[in-house]
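The structure appears below as structure tokens.
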């Protein structure tokens, strides 16, 4: 069954009213997005995909009752296309290692593993969107292989918090 969804593109500031019914941690992250794609069905915002911060960190959310309908995949495609249009070379993210649905979607849309942090049950990932993005991926893999996982987890948390405050 084809789901009829409309996508709206802007940034977190422009589209903040569209996010008002989302849970608080998600709405805070998405309001900080420099690129925000929201999915609307029957006049209701049901999904959002944001890219924020200097590392182009990806955050995506689909309302529970709309999951399993292919909305996440379509949302990712829209977000990646918009990032390319705006000249972004790469995007980064992290996923819980036990979140099979999220990991499947990330790999399906072209992400690559930068480093696994088993103690934190997370995986650092990067989507190389251009040749420059592939170069960043290689450099980041090398850099992350030299940093202890515990420190890398703290750095990741710091960047995530900074992305919310600075955009």
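Coordinate-derived values only; no laboratory data. Since this is a predicted model, take the numbers as computed values, not measurements. FYI the Cβ positions are ideal-geometry reconstructions off the backbone, even for glycines, and counts take in every protein chain you see.
Strictly greater than 14 Å: what percent of every Cα pair in the stretch 8-49 meets that?
33 percent
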Quiz item: How would you rank 144, 4, going from fewest to most other Cβ atoms within 10 Å of each one's own Cβ?
Solution: 4, 144
Exercise. Once you have all Cα-Cα distances for the stretch 61-142, histogram them in 10 Å bins from zero and send the whole-percent values.
Key: 17, 46, 31, 5, 0
Practice problem: Going by C-beta contacts inside 10 Å, put 158, 29 in order with the fewest on the left. | Solution: 158, 29
Quiz prompt | Share antiparallel - DSSP beta bridges, the stretch 6-166, percent rounded to 5 | solution = 95 percent
Self-check item: Stokes-Einstein translational diffusion, the chain - Kirkwood Rh over all Cα pairs, 1.567 mPa s, 4 °C, in µm²/s
Solution: 80 µm²/s
Exercise. Please order 120, 104 by the number of other Cβ within 10 Å, starting at the fewest.
Key: 104, 120
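Beta carbons within 10 angstrom, averaged per residue: use that to sort the peptides 128-137, 49-58, 86-95, 17-26, highest first.
So the peptides 128-137, 49-58, 86-95, 17-26, ranked by packing, come out 49-58, 86-95, 128-137, 17-26.
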Self-check item: the stretch 133-153 and the stretch 80-119: distance between their alpha carbon centers, rounded to Å
Solution: 15 Å
